[in-house]
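A quick write-up on the structure given underneath.
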Amino acid sequence: MHRRHFFQASLGALAAGAVGCASVAPATLVGTKTQPATDAAAFRAQRRFLSTSFGEIAYNERGSGRAALFLHGFPLNSFQWRGQLDRLSVHRRCIAPDFMGLGYTKVAPGRSVAPDAQVEMLAELLDKLSVTDVDLVANDSGGAVAQLFVLKYPKRVRTLLLTNCDVEPDSPPPALKPVLDLAREGKFADEWLAPWVADKKLARSSEGLGGMTFTFRSNPTDEAIDYYLGPLVSSVESKARMHAYALGLDPNPLAGIEAKLRKCSVPTRILWGTGDDIFSAESPGYLDRLLPNSRGVRHIEGAKLFWPEEFPDVIAEEARALWGV
C-alpha cells in the first residue's frame, strides 16, 4: 500500500471555534534561538541504561525531587521529550525511557513488547530508581500505556497529562492499518523506515514521517530521524522487535477499560492537536467526559500527532499548571 494512504495529510479540518482552542506560533518550535533544545549528541551522552528483568532499559533523566515520567510515541523514543526535560527538570526529576522494541532499549530474550508488558517494565524501572509515584505525561501509543499504567497502579500516578493518543473506541486507529499489515509481513522497517533514514527529504515529505505526523515541514530534523529510526533498522532483530511493538497495538489493548477509567480519580489534563488525522477528533471530548477528575481539554490548532516535540513550551506550561508549580 502506498505510504500516502497511511495518514491522509490535511490541515484543513481544524477545530475552529472549539472550546479551549489555541493557536501556537512556530516561535515555540524545538531548537529556536530563544531556547535551544538539547541536541542528539548531548542527549546520547546523557543516556543511561538500567538492568531489569525486561532487559537493559535506555532512559534519560534530569532534575531532582518529585518524579515525572514521559512516555513517547511510535516509532519514536525518549528523544521526543528533550524540550520538556530542558524546561521541566527545574521542577521535577524528569525520567524519559525508551519503550521495549523502540529506541535504544535492549530487550531481554523472550520478553513481550506489548502494552501490558510495557506497564510492568515501567513499574520495575521506577522501583529500581526508588520512585514511588510520578506525574505522567504521554503521547500516541505512550498514551495507551499511560492509561493501562494508571489503572494498574493508581497510587503511583499523581497527575496525568495526555496528548493525542489511543482511546478505547479508537485503538488502533484505522489509519494505522497499513503499518500493521506491513508489520505482519515483516516489511514495515524495510519499506518505510529504511528509505526515510536514507533520504531525509523523503522523511519530511507528505509521504514521510514528517508530513504524516509533524506540524512543520522542517521536522523531524536530520539528527532526529537518525536518532529515532536508525536503531530500528540497524539489525534483523531490531526490525523484528519494532514490528512486534506495532502488532502489540492490535487487537485493541484498551478493550474493556472504559468502566475502570470512569472511576479513575487522578487529576488529568488533555491537550489535543487539531491537525492530527490519525486519531479521532472525538477522542479528547470522550476522555474529558469519561474521566471524573478531568481538568478539561486544550486544543492546539493545526498541530499534528507529534506536536509535543515541536511545542515543548505548551507542554511545560500545562504541566506546571497541573502540578501546581
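The values are calculated or read from the model by the stated rules, or taken from the named source; none is laboratory data. Worth saying up front: this structure is predicted, and the values here are computed from it rather than measured. Glycine also receives a Cβ, built like all others from the backbone with ideal geometry; neighbour counts cover every protein chain displayed.
Would you confirm, using the coordinates I've provided, whether R269 is assigned to a strand (DSSP E or B), free of Cβ contacts under 8 Å to residues at least 40 places away in the same chain, of a type outside the set (F, W, Y) and in contact with a Ser or Thr (Cβ under 8 Å, 6 or more places away or on another chain)? Criteria not met by R269. The condition of being surrounded by fewer than 19 Cβ atoms within 10 Å (Cβ to Cβ), within 23 Å of L122 (Cβ to Cβ) and not charged (D, E, K, R) holds for only one of L176, L151, L161, L180, that being L151.
Are any residues in the range 168-216 more than 24 Å from A114 (Cα to Cα), more than 19 Å from the chain's Cα centre (by Cα) and not aliphatic (A, V, I, L, M), and if so, which ones? Of everything in the range 168-216, those that are more than 24 Å from A114 (Cα to Cα), more than 19 Å from the chain's Cα centre (by Cα) and not aliphatic (A, V, I, L, M) turn out to be P195, W196, D199, K200, K201, S205, S206, E207. Hey, does the range 280-291 have a residue that's at pLDDT 95 or above, outside any loop (DSSP other than H, G, I, E, B) and in contact with a Lys or Arg (Cβ under 7 Å, 6 or more places away or on another chain)? The answer is yes, given that some residue of the range 280-291 is at pLDDT 95 or above, outside any loop (DSSP other than H, G, I, E, B) and in contact with a Lys or Arg (Cβ under 7 Å, 6 or more places away or on another chain). Checking the structure you have, find out if any residue of the range 299-319 is assigned to a strand (DSSP E or B) and surrounded by fewer than 23 Cβ atoms within 10 Å (Cβ to Cβ). For the range 299-319, residues assigned to a strand (DSSP E or B) and surrounded by fewer than 23 Cβ atoms within 10 Å (Cβ to Cβ): present. Here S89, S130 are screened, and the one residue that is more than 23 Å from Y286 (Cβ to Cβ), surrounded by fewer than 24 Cβ atoms within 10 Å (Cβ to Cβ), hydroxyl-bearing (S, T, Y) and free of Cβ contacts under 8 Å to residues at least 12 places away in the same chain is S130. In summary, helices (runs of 4 or more DSSP H) completely within the range 102-206 and bearing 1 or more residues that are touching a Ser or Thr at 6+ places or on another chain (Cβ under 8 Å) occur at 115-128, 141-152. Is it true that S218 is surrounded by fewer than 19 Cβ atoms within 10 Å (Cβ to Cβ) and either within 22 Å of I300 (Cα to Cα) or in contact with a Cys (Cβ under 7 Å, 6 or more places away or on another chain) (or both)? Answer is yes for this residue.
Would you say F49 is farther than 16 Å from P312 by Cα, of a type in the set (F, W, Y), in a strand (DSSP E or B) and at pLDDT 95 or above? Judged against the criteria, F49 is a match. For D226, the conditions (1) over 30 Å from A41 (Cβ atoms); (2) out of contact with any strand residue (DSSP E or B) (no Cβ under 6 Å at 6 or more places or on another chain); (3) part of a helix (DSSP H, G or I); (4) among the acidic types (D, E) are fulfilled apart from (1). If we keep just the residues of the range 221-261 that are more than 23 Å from R111 (Cβ to Cβ) and either modelled with pLDDT under 95 or not hydrophobic (A, V, I, L, M, F, W, C) (or both), which is surrounded by the most Cβ atoms within 10 Å (Cβ to Cβ)? Ranking the qualifying residues of the range 221-261, first place goes to Y227. Can you find even one residue in the range 33-44 that is at pLDDT below 95, assigned to a helix (DSSP H, G or I) and within 24 Å of L162 (Cβ to Cβ)? Looking through the range 33-44, none of the residues is at pLDDT below 95, assigned to a helix (DSSP H, G or I) and within 24 Å of L162 (Cβ to Cβ). Quick check, is V145 in contact with a helix residue (DSSP H, G or I) (Cβ under 9 Å, 6 or more places away or on another chain), closer than 27 Å to G285 by Cβ and without any contact (Cβ under 8 Å) to a residue 60 or more places away in the chain? No. Scan the range 187-206 for residues that are over 23 Å from T38 (Cβ atoms) and either surrounded by fewer than 19 Cβ atoms within 10 Å (Cβ to Cβ) or aliphatic (A, V, I, L, M) (or both) and the total you get is 13.
Annotation note: Cβ proximity below 6 Å between a residue of the range 156-185 that is touching a residue at least 12 places away in the same chain (Cβ under 8 Å) and a residue that is surrounded by fewer than 20 Cβ atoms within 10 Å (Cβ to Cβ) and polar (S, T, N, Q) (sequence gap 6+ or interchain) occurs for D170/S280; S171/N252.
Evaluated against (1) touching a Cys at 6+ places or on another chain (Cβ under 8 Å); (2) in a loop (DSSP other than H, G, I, E, B), L85 falls short on exactly one condition, (2).
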